[in-house]
């Protein structure tokens, strides 16, 4: 009694997307009893390689490709989201925990043995497999019959979403599953633009984990929030418990004299903008009113008028004391060099460097000059014999004025300069002494300014 | 730009959505307005897909766009100088940007200002030898004229041999448009070969 499903691999919560929009898969076929039925239909067709089966709408879509076909991508299905914690008494819980607090495996709901019972699984009531569920609204939350005849049923102890994850600081890295606002409104999914259009597309904020409709803090607000499903209220904060002192705050590498990344860890005392305008104190609301008060952003160290980055901007900034200039970046603060220590030195442009340093200034190992992955080199030991391109040592086969370099083993970085510095006693020729002539061909032309701008003014 | 005038600079790009990770950055071209309306004719919005860091200390990155832009009357190429080219002192240049005007101009449109190049030697007198070879200067005018917050990364374009050439990149200076004080830019010609190399490799 072989099932047609045996010919297929089951991937829950995923969907196959064809990247060429022009290619349409076959339409959905409604009223398909189950995945087996869908598998049977697919198996009978020569050009059917896979299928989507949607449990809740009981529909089947046959596909002529798999995730290994060109131009296809397997991705998380937007229609499938499982919350691992429970809201209220967990009647809606659809997770996959199948063991009780006493460690006993749960009995399948469709089985009447070893414990007989009155429940029958349907596509609607969620009594799948042997997962913990709460069909009788038990205030203690999801439970199951156990496989131990001596213990008929037992609770599963699944955490409430409110307690499953707490919030540190302003909750920028809260990744819990609360999806209600403080007034109890349900949150809008981040990947939807209705009822409220918004700029926070999950694909553009990958590091903010804007999953499903969970409360998040992608914009440096004082705590996690969400857009609501209530058309009359666009967005609202959520009630997320704060982590206790015992929860270790994530240690941001704080810096004092330079900044790393976006400078969120900068704790120095620079207090003017790059253009020299004095900064406004954070605890003042004049000349600029703002929401970044020290007490609401306690862990951002908004002391005095020091440059800080409380909201994930691209660098430390401050409100300025100039009424006409609300905020400005403090670019005068040096960026910390995250380069590795130079391990050797070179003269001139390094064309004669023959050392054995083989890593880039970021510490990435160099690719061997004689290999073609991950990058197809244009300079090889045979094409540039004089450069002595040995192994994966740093060299300068093209006379790059910035020194020895190599192809890197990072697929995203074709080449980079090496962990080398100019020798202290090196005296390179100055470009300022011998300016040479210049010849230009095309480019650098533009419509005469006056006539175009005047027409626009008029 | 402080002390500038509205103008046209078809190679000046506006970098938007910088409050998101790189995957959200966009470049806007073909407009003179700081906040062009959606659907404005000529406006081109292209996402940035990759960033390549420049040589150490260059303060430069190269941005790869998701797709090529369309060149037209509003969007034009600017020349790159040959490697190591030194702009002769006295060369007429201009800066452009949508940044801070400090009340000296219309901050709703692209502003430009004309500046003249001075030698590093002359510039180092006021800057007490701190100007590097990979930097260049323009003279400080009596009136406050120069780049400011929001202009950084913009062009210092110079008219050389009948062409506009991208000779400098605006970087933050200690003070915006400080009268009688030379402004410092990154010297693009020190990085021309690097730019070509990145595109080639």
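Observations on the model:
- Expected 222 nm ellipticity per residue - DSSP helices of 4 or more, -39500 (n - 2.57), all of chain A, to 500: -1000 deg cm²/dmol
- Computed packing ranks the peptides A:104-117, A:267-280 as A:267-280, A:104-117, most packed first, by mean other Cβ atoms within 10 Å.
- Sorted peptide list for A:299-311, B:31-43, criterion being average Cβ within 10 angstrom, highest first: A:299-311, B:31-43
- Taking every alpha-carbon pair under 8 Å whose residues sit at least 6 apart, the range B:59-200 reaches a relative contact order of 28 percent.
- Whole-angstrom gap from the range A:140-162 to the range B:36-50, using each part's C-alpha centre: 56
- Among A:202-212, A:178-188, A:2-12, the peptide with the highest mean count of other Cβ atoms within 10 Å heads the list, and the full ranking is A:178-188, A:202-212, A:2-12.
- Sequence-separation-based contact order of the range B:11-132, relative, with Cα cut under 8 Å and 6+ spacing, percent: 20
- Length gained when the stretch residue A:101-residue A:426 is fully extended (0.36 nm per residue, less Cα-Cα span): 109.9 nm
- Using the Cβ-Cβ distance between residue A:137 and residue A:75 with R0 set to 25 Å, the FRET efficiency from 1/(1 + (r/R0)^6) comes to roughly 0.10.
- Counting only other chain Cβ atoms within 10 Å of each residue's Cβ, the peptide B:2-14 averages 2.
- Per residue of peptide B:102-112, the mean number of Cβ atoms on other chains within 10 Å of the residue Cβ is 1.
- Distance between modelled label sites at residue A:20 and residue B:15, nm, 7 Å Cα→Cβ extension: 3.7
- Relative contact order %, chain A, counting alpha carbon pairs below 8 Å whose residues are six or more apart: 7
- Cα centroid of the range A:25-91 to Cα centroid of the range A:351-365, whole Å: 50
- The range B:156-201 shape via C-alpha gyration tensor axes, a/c threshold 1.5: oblate
- Centroid-to-centroid separation of the range B:94-150 and the range A:189-234 [C-alpha atoms, Å]: 41
- Per-residue ellipticity at 222 nm, computed for chain B from helices alone with -39500 (n - 2.57) per DSSP H run of at least four residues, works out to -2000 deg cm²/dmol.
Readers should treat all values here as calculations from the given coordinates under stated rules, not as data from a laboratory. Please read all numbers here as calculations on a predicted model, not as lab measurements. Neighbour counts are summed over all protein chains in view; Cβ atoms, including those assigned to glycine, are modelled from backbone coordinates with ideal geometry.
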